Structure formats: C-alpha cells, structure tokens
RNA sequence: GCGCCUGUAGCUCAGUUGGAUAGAGCAACGGACUUCUAAUCCGUAGGUCGCAGGUUCGAAUCCUGCCAGGCGCGCCA
C-alpha cells in the first residue's frame with residue numbers, strides 16, 4: 001500500500017521537475033509512514049525536509065509545490081495538508097481503500113504475501129536439540145518461533161529452507177549408549193551404581209525396556225565394547241523418532257534433517273579445516289589445532305582439534321556452516337537458545353574468516369521460558385530428569401495455546417508461561433480472544449445463509465455502502481497486514497503478528513457490538529458481509545502463519 | 001571480573017529503529033444481553049519509562065556510569 005503512495009509522490013516530483021519548480025538532481029528515498037494519530041491523515045512523509053538542503057528552499061515551500069501536484073488530477077487522494085515544519089499529510093479517498101479491499105478477497109489464502117524478500121535463498125536452522133533426551137519447553141519455544149519464521153519468510157517472498165541439525169557424533173552418543181546399557185542390565189537384575197554422568201531421565205529406562213521386549217537378554221553376557229554400537233544407535237533412533245513425533249504433533253515440519261555424522265563421512269570437516277589453514281586462519285599450538293578467531297569478533301582463539309586428535313563440536317560446526325554456504329544459501333539464520341549466546345562471537349568469526357560478508361549470517365537468540373503452574377515455578381533440570389517436556393505441555397494445554405504463548409512475546413524477552421492461564425477458555429487468555437473473533441464472523445455468515453443471503457460476485461456488491469468510520473478503521477487495519485508480515489520477516493520478529501491480530505480483532509469486536517451486519521437492507525448487508533469476509537481471511541491467514549487454527553465454531 | 005539479554009501501570013508485555021498527549025491485556029471499580037456467539041462491548045482509575053548524567057529543536061528509544069534480575073564465559077556438546 002505504501003508502495004502506491006510512494007508512486008504518487010514520485011509522480012508529483014516528476015511533474016514539479018518538468019515544470020521547473022524543483023531541480024531534483026538527487027532524490028532521496030521516499031519514506032512514507034503512518035502518522036501516529038489518525039487525525040493527521042492516512043500517510044505522511046518528511047520528504048520536503050529532506051529536500052530542503054539540496055533545493056535550497058524552505059521545507060514548507062517545497063511541500064506547497066508537491067501538494068499542488070499531488071492534488072492535481074488525483075482522485076484517490078481526498079486531501080493533502082502541510083503540518084509542522086513541512087510534513088505532508090495525505091488523506092486518501094474511500095475509493096482508494098475499497099479498491100484495495102477487493103484485492104484481499106481475490107488473494108484469499110495468499111493475502112499477506114509479497115515479494116519483499118525478493119526470492120532470497122534463506123537457510124533457517126532451529127531446534128537442533130541434542131538427541132539425548134526428549135524436547136523440553138525451551139526447545140518448544142524455539143520450535144514455534146522457528147516454524148513461524150519459516151512461514152513468515154515464505155509469505156514475505158523469501159526462498160526459505162528449514163533444517164534440523166542432529167548432533168549424532170561425539171562423546172555424548174557414547175554416554176547415551178552407556179546409559180541405556182546400564183539401565184538394561186539394571187532391569188535384568190544386575191545392580192550396579194548408575195553413574196551420575198549418565199542421562200538420568202526415566203526415558204532411558206523406557207528405551208531399555210523396549211530393547212528387552214525386542215531382543216530379550218541376548219546382550220547380557222557380552223562386553224560393553226561389543227554392545228555399545230547397538231545401544232548407541234538404538235537409543236539415538238528411539239529418541240530422534242520421539243523428537244520427530246513431538247514436533248509433528250506440534251505442527252512443526254522440517255525440509256531437511258542434517259546429520260553431523262555426514263560431515264565426517266564426506267570428509268567435509270577435514271576439508272574445512274584445511275581450507276581455513278590455507279587462508280592462514282588455522283595454526284598448531286601445544287599439540288592442538290586452533291582457529292585465530294580472536295582476529296575477528298571473538299575474545300580468544302579456539303581449539304578445533306584437541307591434543308587427543310578428537311575434533312571439537314566447534315570444528316564440525318565450521319564445516320556445517322561452510323556447507324550451508326556451499327549449498328547456495330544467501331542468508332543463514334540460526335535460532336539458538338539464549339544459553340548458547342557465548343558461542344555467537346566465535347561463530348561470527350568463522351564466517352568472517354571464510355571471507356563472507358557479515359550480514360550473510362545471523363544468530364537469533366530465543367530467551368528462556370519460565371513455566372509456572374498457578375503462580376508456582378515448575379522446575380526444569382535435564383540432569384534430574386524432572387523437566388517439563390514439550391509433549392506434556394502440548395497434551396495439557398493444546399497445540400494452539402502453546403504455540404500462541406510461545407509466539408506472543410518478543411523472542412529476546414524472557415517468557416512467563418502460565419499453564420493454568422493457557423488452559424483457560426476465558427477472556428484472560430488472548431488466543432481465545434482472536435479465535436473467537438474468527439468463529440464469530442463465521443457465525444455471521446451462518447446467520448446470513450439462514451436469511452437467504454450469500455456473497456455474490458464482487459460486481460454485484462456496492463461497496464460504496466460502506467461509509468461508517470469504524471468500517472474504514474477496519475479496512476485500513478486489514479490492508480496493513482501485508483506490510484506487517486514483510487516487516488516481521490525482515491526483522492525476524494514474530495511477536496508482531498500476535499499483537500497485530502489482537503489489535504485487528506479488538507476493532508472487530510467493537511464494531512460487532514455497535515453494528516449489525518445482516519439487516520433488512522440487503523445491499524448494505526452484502527457490502528458488510530464482504531468486509532467481514534476480508535476480515536475473516538486476514539485473521540485466518542494471520543493465525544495460519546503462526547500455525548494456530550482458526551475455528552469456525554467455538 | 002568480563003560479555004550478552006532484560007528493566008515501561010499492581011501483574012504480563014507492546015512501543016512502527018529519534019518524533020506529535022507513552023499504549024494493550026489481565027487484575028480493580030462502574031455500566032451494557034428480547035438482536036449475527038456476553039469467550040464480547042463501553043466507561044473509570046492506574047506512570048519519576050530502574051537511577052544519574054550527556055548528545056539536540058526533540059530521548060522510553062542513541063552515548064557514558066551506576067543499580068537489579070536472567071544467562072554465559074571448557075582442548076564439553
């Protein structure tokens with residue numbers, strides 16, 4: 001919508017240039033904004049202030065000239081005012097908004113989409129929780145935010161691919177296998193001390209029981225070396241399948257699952273290290289191999305290959321991110337839990353060492369979730385195994401409320417998640433407020449059908465019957481959706497959509513209580529039904545990008 | 001000690017990247033159902049934007065220093 005306004009202003013500039021009133025040797029970017037207060041108009045621009053210097057004219061004089069050309073022969077503009085030092089405030093004609101509203105209905109499910117992203121190839125990596133235990137609520141927030149970001153970026157015209165990185169290499173896999181092996185023996189009657197280094201959760205026992213069900217006691221007499229590969233692999237598969245099930249249940253699907261192991265199988269880790277060595281960013285010291293990350297963002301250099309010859313997690317991460325670039329992605333976005341923020345500078349350093357532009361790589365941190373139940377903190381500790389799993393929360397609260405709660409706050413703000421509140425089907429719970437609006441509109445359409453009214457082709461609807469100020473408030477809010485989506489995608493800020501929807505829906509509820517849509521006046525009813533249809537589409541698409549359902553009845 | 005995030009109404013949070021009188025929801029109080037869903041609406045009250053300086057026509061927003069909370073500072077993953 002702002003694009004159209006920019007075009008109008010640009011036309012006015014052309015006219016002013018042709019008439020010789022303005023020189024316009026260099027025209028700055030035309031910034032169009034929405035005034036905070038509606039009484040200033042629908043759009044405003046500070047262009048005349050920006051031009052004042054190069055034109056050597058007073059801002060107000062420039063504004064005068066532009067005003068004249070804006071008004072001249074332009075029926076879409078209702079009025080143009082100059083305010084303050086030289087702000088140009090535009091008020092648009094009703095027809096301007098109505099003609100755009102028609103497009104909302106035409107676009108349907110696609111309303112909100114744009115080419116803001118210009119088809120940029122984005123790799124969005126999120127969750128990537130270690131496959132050593134089930135997902136907890138913290139992962140859940142990352143999953144919800146990442147999944148929504150994926151949808152948002154797609155809608156805003158980015159070519160996005162989502163990926164889960166599986167850390168299936170290293171000591172933790174051995175520890176996992178040993179944990180299951182120990183539980184296996186324990187269940188079969190061999191009492192030994194269960195090491196505090198092992199994974200303590202009850203799910204390890206579940207896996208051990210599965211193995212007993214399927215294979216019986218066949219491993220019991222063998223040595224740990226013999227059985228470990230099996231226990232390691234079985235536990236990994238079992239946990240990973242659980243994670244996949246949990247995510248699927250939560251409405252989160254990935255385009256790719258990427259195994260860390262494949263980096264080693266394909267020699268990519270060695271290649272990446274050698275490549276950086278050739279670039280003089282890798283050196284040997286004290287029997288280890290180091291990256292000179294301190295030459296970039298990092299506070300010190302980091303070890304890639306330990307004295308023991310083992311590679312660090314960081315080392316394969318380098319290969320992984322090089323691989324992302326080699327796959328042709330132009331923007332690499334990682335979503336990490338806030339507890340990993342100390343890792344950001346060294347990863348930034350890696351991409352700089354590789355010689356890539358700073359803004360191809362972006363780490364987005366998702367802050368912690370504090371789970372409460374009726375005001376009381378629910379403890380979370382992976383060690384003790386007493387953590388609240390994502391699956392438990394989803395079972396208790398439902399997918400819609402869980403996702404909405406994860407998505408309604410800025411990601412870099414700590415989240416208080418009250419299970420009791422999320423469960424409530426009452427107005428205190430914001431997700432119901434929005435879903436209810438959708439159901440309410442559907443109910444209006446059911447009523448209309450009862451009265452024998454259904455929406456005809458747009459040519460049979462007289463939209464000029466929409467005259468009420470509240471109706472135009474609604475229309476303007478609907479039309480803002482596409483820009484909100486684009487902005488949220490660009491800034492990677494998912495919470496804007498939840499706030500937008502709440503605001504949109506509040507306007508609807510107010511309208512609903514003061515106006516009847518279906519009345520004896522058939523022409524007016526049809527015009528209002530059309531507006532309601534566009535509103536329903538907007539709410540539906542907004543909830544859809546959040547991965548939250550839009551019920552037709554509640 | 002160093003680094004990152006946060007600090008805005010009693011509570012939970014927005015605040016369009018420096019703009020016009022700082023906004024929502026919940027909680028509190030008072031109203032509104034003979035009507036398309038009252039899971040709603042309308043109104044009242046609630047503020048030293050953590051504190052102190054600075055930058056300028058203008059600061060919740062930018063800079064500096066403190067204070068408080070969270071998280072992190074491995075040849076772990």
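The values are calculated or read from the model by the stated rules, or taken from the named source; none is laboratory data. These numbers come from a predicted model, not from an experiment. Cβ atoms come from the backbone with ideal geometry, glycine included; neighbour counts cover every protein chain shown.
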Criterion first (free of Cβ contacts under 8 Å to residues at least 40 places away in the same chain, within 30 Å of residue A:393 (Cβ to Cβ), within 16 Å of RNA strand B (Cβ to nearest atom) and assigned to a helix (DSSP H, G or I)) does residue A:237 satisfy it?
no
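Here's the yes/no breakdown for (1) within 24 Å of residue A:152 (Cα to Cα); (2) at pLDDT below 95:
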residue: A:468; (1), (2): no, yes
residue: A:472; (1), (2): no, yes
residue: A:482; (1), (2): yes, yes
residue: A:485; (1), (2): yes, yes
residue: A:488; (1), (2): yes, yes
residue: A:491; (1), (2): yes, yes
residue: A:496; (1), (2): yes, yes
residue: A:547; (1), (2): yes, no
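Only residues that are outside any helix (DSSP H, G or I) and either modelled with pLDDT of 95 or more or within 11 Å of RNA strand B (Cβ to nearest atom) (or both): list them for region A:506-520, please.
Once the filter is applied, which keeps residues that are outside any helix (DSSP H, G or I) and either modelled with pLDDT of 95 or more or within 11 Å of RNA strand B (Cβ to nearest atom) (or both), region A:506-520 yields A:515, A:516, A:517, A:518, A:519.
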Of the residues A:220, A:228, only one is over 38 Å from the mean Cα position of the chain (by Cα) and free of Cβ contacts under 8 Å to residues at least 40 places away in the same chain; which?
A:220
Among the residues of region A:284-314, what is the count of those that are under 19 Å from residue A:171 (Cα atoms) and away from RNA strand B (no atom under 11 Å from the Cβ)?
0
Could you say which residue among A:359, A:317 is within 16 Å of RNA strand B (Cβ to nearest atom), loosely packed, with under 13 Cβ neighbours inside 10 Å and within 23 Å of residue A:160 (Cα to Cα)?
A:359
Failed item, numbered, when residue A:255 is tested on (1) assigned by TED's automatic domain parsing to the domain that holds residue A:199; (2) in contact with a strand residue (DSSP E or B) (Cβ under 6 Å, 6 or more places away or on another chain)
(1)
Could you go through region A:259-271 and let me know if any residue there is surrounded by 13 or more Cβ atoms within 10 Å (Cβ to Cβ), within 24 Å of residue A:206 (Cβ to Cβ) and touching a strand residue (DSSP E or B) at 6+ places or on another chain (Cβ under 7 Å).
yes
Quick check on region A:162-171. Is at least one of its residues modelled with pLDDT under 95, surrounded by fewer than 16 Cβ atoms within 10 Å (Cβ to Cβ) and over 21 Å from the mean Cα position of the chain (by Cα)?
yes
For the condition in a helix (DSSP H, G or I), more than 7 Å from RNA strand B (Cβ to nearest atom) and without any contact (Cβ under 8 Å) to a residue 40 or more places away in the chain, what is the one hit in A:405, A:445?
A:405
